[in-house]
Amino acid sequence: MQFLHTMVRVSDLDQSLDFYCNKLGLIEVKRHESEKGRFTLVFLAAPDDADRAKADQAPLLELTYNWDPETYSGGRNFGHIAYRVKDIYATCQRLMDAGITINRPPRDGNMAFIRSPDGISIELLQAGDAKPPQEPWSSMENTGTW
């Protein structure tokens, strides 16, 4: 397992970049804008992690800016912690066998979500290419929120 990023939602991207980059000293290493999804993702790294973050896409802080105004309450601005795993299906099976609920199953062979005992959302991402869809994951429904 490899730590990838922590995601936080921001309400003002310019103000947040000023804080995280100009004041805190983080460096922007990647940006993705989705016209269809109406959001911008900005990935930041600490200066001493910048080279590794550019090469490995980790460790990063992901700022998610939703273009449509939204009020974040109850910790909604904190998104998730992400880890890359060698085998998404084996990892999810091991977690299920240990009594962990798979909130968003890896139907696509690439991504799953679970929650910590304190309700922190944890994203699991398949290393490399997505695995071919397979049962029981392909038809497994979401459970709760993630």
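When residue 125 is tested against the conditions (1) closer than 27 Å to residue 77 by Cβ; (2) within 18 Å of the chain's Cα centre (by Cα); (3) in a loop (DSSP other than H, G, I, E, B), the lone failure is (3).
Could we say that residue 8 is in a strand (DSSP E or B) and modelled with pLDDT under 95 here? First the steps, then the outcome.
Working: in a strand (DSSP E or B): yes; modelled with pLDDT under 95: yes.
For residue 8, the condition - in a strand (DSSP E or B) and modelled with pLDDT under 95 - is met.
Might you check whether a residue that is surrounded by fewer than 18 Cβ atoms within 10 Å (Cβ to Cβ), part of a loop (DSSP other than H, G, I, E, B) and in contact with a Phe, Trp or Tyr (Cβ under 7 Å, 6 or more places away or on another chain) occurs anywhere in region 85-105? Yes, there is a match, as at least one residue in region 85-105 is surrounded by fewer than 18 Cβ atoms within 10 Å (Cβ to Cβ), part of a loop (DSSP other than H, G, I, E, B) and in contact with a Phe, Trp or Tyr (Cβ under 7 Å, 6 or more places away or on another chain).
Kindly establish whether residue 78 is open to solvent by 50 Å² or more (accessible area, probe 1.4 Å) and under 16 Å from the mean Cα position of the chain (by Cα).
Working: open to solvent by 50 Å² or more (accessible area, probe 1.4 Å): yes; under 16 Å from the mean Cα position of the chain (by Cα): yes.
For residue 78, the condition - open to solvent by 50 Å² or more (accessible area, probe 1.4 Å) and under 16 Å from the mean Cα position of the chain (by Cα) - is met.
Scanning region 34-75 for residues that are open to solvent by less than 70 Å² (accessible area, probe 1.4 Å), under 22 Å from residue 127 (Cβ atoms) and either of a type in the set (Lys, Arg) or in contact with a helix residue (DSSP H, G or I) (Cβ under 6 Å, 6 or more places away or on another chain) (or both) returns 45, 59, 60. Figure legend. Inter-residue proximity from region 120-146: first residues surrounded by 10 or more Cβ atoms within 10 Å (Cβ to Cβ), second residues assigned to a loop (DSSP other than H, G, I, E, B) and of a type in the set (Phe, Trp, Tyr), beta-carbon distance below 8 Å, spacing 6+ or different chains. Indicated pairs: 121/146. Taking region 20-33 as the range and being loosely packed, with under 13 Cβ neighbours inside 10 Å, out of contact with any Phe, Trp or Tyr (no Cβ under 9 Å at 6 or more places or on another chain) and either closer than 21 Å to residue 125 by Cα or not basic (Lys, Arg) (or both) as the test, the residues that pass are 22, 24, 25. Just give me the residues in region 106-116 being of a type in the set (Gly, Ala, Ser) and part of a loop (DSSP other than H, G, I, E, B), in sequence order. Hits for region 106-116 are 109, 116. Residue 1 satisfies every condition listed in (1) in contact (Cβ under 8 Å) with a residue 24 or more places away in the chain; (2) of a type outside the set (Asp, Glu); (3) open to solvent by less than 80 Å² (accessible area, probe 1.4 Å) except (3).
Limited to region 99-126, what total is found for residues that are of a type outside the set (Val, Ile, Thr) and at pLDDT 95 or above?
So the first thing to find is which residues in region 99-126 are of a type outside the set (Val, Ile, Thr), and the list is 99, 103-113, 115-119, 121, 123-126.
Narrowing the set further to residues that are at pLDDT 95 or above leaves 103-113, 125-126.
Within region 99-126, residues that are of a type outside the set (Val, Ile, Thr) and at pLDDT 95 or above number 13.
The values are calculated or read from the model by the stated rules, or taken from the named source; none is laboratory data. The shown structure was predicted, so the numbers you read here are calculated from the model rather than taken from an experiment. A quick note on method: Cβ atoms are made from the backbone with ideal geometry, for glycine too, and the neighbour counts reach across all protein chains shown. For accessibility, only protein heavy atoms count, side chains too; no ligands or nucleic acids. Shrake-Rupley method; radii C 1.70, N 1.55, O 1.52, S 1.80 Å.
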